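Asks: Before I ask anything, here is the structure I am working with.
No value in this document is a laboratory result; all are computed from the given coordinates. Given the structure is predicted, the values throughout are model-derived calculations rather than measurements. As a convention, Cβ positions derive from the backbone with ideal geometry for all residues, glycine included, and neighbour counts pool all protein chains shown.
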Amino acid sequence: MSELRKDPILGRWVIVAEERAKRPEDFKIPPVVAKGSANCPFCEGNEGITPPEIMALRSAQSKPNGPGWQVRVVSNKFPVLKIEGNLDKRGKGIYDRMNGIGAHEVIIETPQHLTSMSTLPEEHIQNIILVYRERMLDLKKDGRFHFGLIFKNVGDIAGASLEHSHSQIVATPIVPIRINQEMTGAKAFYDYRGRCIFCDIIAQELDEGERIVIDDEHFVAFMPFASRFPFEIWIVPKQHLTHFENIPQSLIPSLAHILKKVLTKGEKALNHPPYNLLVHTTPFDVKTTEYYHWHIEIIPRITRVAGFEWGTGFYINPVPPENAAAFLREANNL
Ligand SMILES: [Zn+2]
Ligand SMILES: [Zn+2]
Ligand SMILES: [Zn+2]
């Protein structure tokens with residue numbers, strides 16, 4: 001069983017995954033399992049190689065753990081946190097630890113061996129979003145979990161071990177520090193101005209326009225003013241929405257549309273870069289709704305985080321977001 005340990009200086013939790021502890025030579029990055037579907041556990045027909053399914057969108061005649069599905073959710077075969085057991089929080093002196101309870105699920109986005117979500121039809125992406133929503137609502141019911149992160153790792157540098165298009169959800173027994181930091185900043189702004197900072201950012205970005213990539217009725221995709229990475233893009237609902245899992249049905253087609261468009265543009269303009277996609281949303285048990293606003297962050301992994309960044313928390317971004325946004329915006333046919 002893995003263990004969570006809290007850094008007594010920063011308050012940041014680290015997952016120490018004992019079962020993954022290996023010899024130093026095991027830390028070489030393994031090659032992504034690629035090409036051809038014979039060995040791919042996510043391809044239709046290979047359901048027997050994955051852990052049993054948690055849910056699936058499948059045809060009425062088909063049977064669980066067999067072919068006939070569109071989107072399928074299974075437990076991660078190598079979970080960073082385990083679902084079984086009670087939370088056991090302990091402290092000794094200045095050190096706090098907790099057993100590694102949580103959920104780690106894989107959302108297999110398509111039965112075909114496709115490597116990018118952007119190649120799927122919009123209606124199919126809508127189904128993936130529906131599955132995200134359903135899994136988050138279900139995990140939220142488990143009182144042991146305080147936060148759920150939906151994310152994608154695409155490409156080996158971004159942490160993917162299988163190229164077949166998939167997403168993951170990890171539910172954690174604590175609220176991660178990054179979310180706490182965003183919420184603390186947003187709360188301070190709200191206490192001072194009485195408004196949601198994300199709503200204000202959207203308004204200013206739409207007004208200035210230079211960092212906008214796509215602006216449609218319900219969502220805006222833009223490069224943040226202080227982007228850490230070249231071509232970092234955020235997708236934010238224009239309505240003040242706090243919990244991703246409460247996304248109204250009427251917005252799901254719009255989200256699928258903008259997601260497909262943003263991913264396609266990025267892939268064409270940057271020649272299929274590795275990237276991470278993550279959904280930042282309000283912690284499950286936080287009801288306060290005035291100041292935090294869910295959003296998607298997409299981070300192409302085209303620069304490396306090195307000593308200066310590790311040492312300072314500064315990021316060096318060689319491409320101003322205004323230029324990057326203009327590049328993607330003006331590439332009309334992308
Ligand atoms: Zn596959
Ligand atoms: Zn807002
Ligand atoms: Zn965020």
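Asks: Taking DSSP loops as anything outside H, G, I, E and B, show the longest stretch in the chain free of trypsin sites (Lys or Arg not before Pro) there with at most 11 other beta carbons within 10 Å. Each step should come with its number before you reach the end.
Replies: Details: sites that count: LYS22, LYS28, LYS35, LYS141, LYS287, ARG304.
Counting only loop sites that pass the neighbour cut-off, the longest clear stretch is 142-286.
Asks: Another one. Does the range 259-334 come out rounded, prolate or oblate, given a ≥ b ≥ c as the square roots of the eigenvalues of its C-alpha gyration tensor, rounded meaning a/c under 1.5 and, failing that, prolate meaning a/b above b/c?
Replies: On the way: a/c = 2.17, a/b = 1.26, b/c = 1.72.
It is oblate, given that a/c is not under 1.5 and a/b is not larger than b/c.
Asks: Here's another thing I want to ask about it. Among PHE189, GLY155, ILE174, whose Cα lies farthest out toward the positive end of the dipole of the range 149-197, if unit charges sit on the beta carbon of Lys, Arg (+1) and Asp, Glu (-1)?
Replies: The Cα lying farthest towards the positive end belongs to PHE189.
Asks: Helix-derived [θ] at 222 nm for the chain: sum -39500 (n - 2.57) over DSSP H runs of at least 4, divide by residue count, nearest 500?
Replies: Details: 6 runs with 83 residues, N = 334.
Helices in the chain give a 222 nm mean residue ellipticity of -8000 deg cm²/dmol.
Asks: Assuming 0.36 nm per residue, please report the length gained on full extension of the stretch ILE94 to ASN76 beyond their Cα-Cα distance.
Replies: On the way: separation 18, 0.36 × 18 = 6.48 nm, distance 3.29 nm.
Contour length minus the Cα-Cα distance gives 3.2 nm.
Asks: Now, a different point. May I ask you to work out the translational diffusion coefficient for the range 198-334 at 10 °C, viscosity 1.306 mPa s, via Stokes-Einstein with Rh from the Kirkwood sum over Cα pairs, reported in whole µm²/s? Write down the numbers at each step before the final one.
Replies: Working: Rh = 15.7 Å.
The diffusion coefficient I find is 101 µm²/s.
Asks: Same structure again: Looking at the range 48-128 only, what percent of DSSP beta bridges run antiparallel? Nearest 5 please. Walk me through the numbers before you get to the answer.
Replies: Values: 13 of 14 bridges.
In the range 48-128, DSSP labels about 95 percent of beta bridges as antiparallel.
Asks: Can you tell me how the chain classifies by the Cα gyration tensor, rounded, prolate or oblate, using a/c under 1.5 as the rounded cut?
Replies: On the way: a/c = 1.35, a/b = 1.08, b/c = 1.25.
In terms of gyration-tensor shape, rounded.
Asks: Among ILE296, ILE258, ALA306, which residue has its Cα furthest toward the positive end of the charge dipole of the chain, with +1 on Lys/Arg Cβ and -1 on Asp/Glu Cβ?
Replies: Among ILE296, ILE258, ALA306, the one farthest towards the positive end of the dipole of the chain is ALA306.
Asks: Another question, if that's okay. Only residues of the range 59-90 count here: report those whose backbone N is under 19 Å from the spot 7 Å along Cα→Cβ of ASN46, or say none.
Replies: Inside the label zone: 65-79.
Asks: Subtract the Cα-Cα distance of GLU122 and TYR315 from 0.36 nm times their separation in residues, and report this length gain in nm to one decimal. Let's see the in-between values first.
Replies: Values: separation 193, 0.36 × 193 = 69.48 nm, distance 3.43 nm.
Between GLU122 and TYR315, full extension yields an extra 66.1 nm.
Asks: Can I ask one more? Given N residues in the range 89-246, what is Rg(Cα) / (2.2 N^0.38 Å)? Kindly include the intermediate steps, with their values, before the conclusion.
Replies: Working: Rg = 18.2 Å, N = 158, 2.2 N^0.38 = 15.1 Å.
Compared with the compact-globule rule of thumb, the range 89-246 sits at 1.21.
Asks: If contacts are Cα pairs under 8 angstrom and at least 6 residues apart, what is the relative contact order of the range 33-143 in percent?
Replies: On the way: 142 pairs, mean separation 25.0, N = 111.
RCO, the range 33-143: 23 percent.
Asks: A further question on this structure: Counting only C-alpha contacts under 8 Å and six or more residues apart, can you give the relative contact order of the chain as a whole percent? Can you show the working numbers first?
Replies: Numbers: 638 pairs, mean separation 55.4, N = 334.
That works out to 17 percent.
Asks: In whole Hz and in residue order, list the ³J(HN,Hα) couplings for the range 275-282 that follow from phi through the Karplus curve 6.51 cos²θ - 1.76 cosθ + 1.60, θ = phi - 60°; x for Gly and Pro.
Replies: 8, 10, 10, 9, 10, 9, 9, 5
Asks: Can you give me the orientation-averaged projected area of the convex hull built on the Cα atoms of the range 99-157, in nm²?
Replies: On the way: hull surface 21.5 nm².
Over all viewing directions, the range 99-157 projects a mean Cα-hull area of 5.4 nm².
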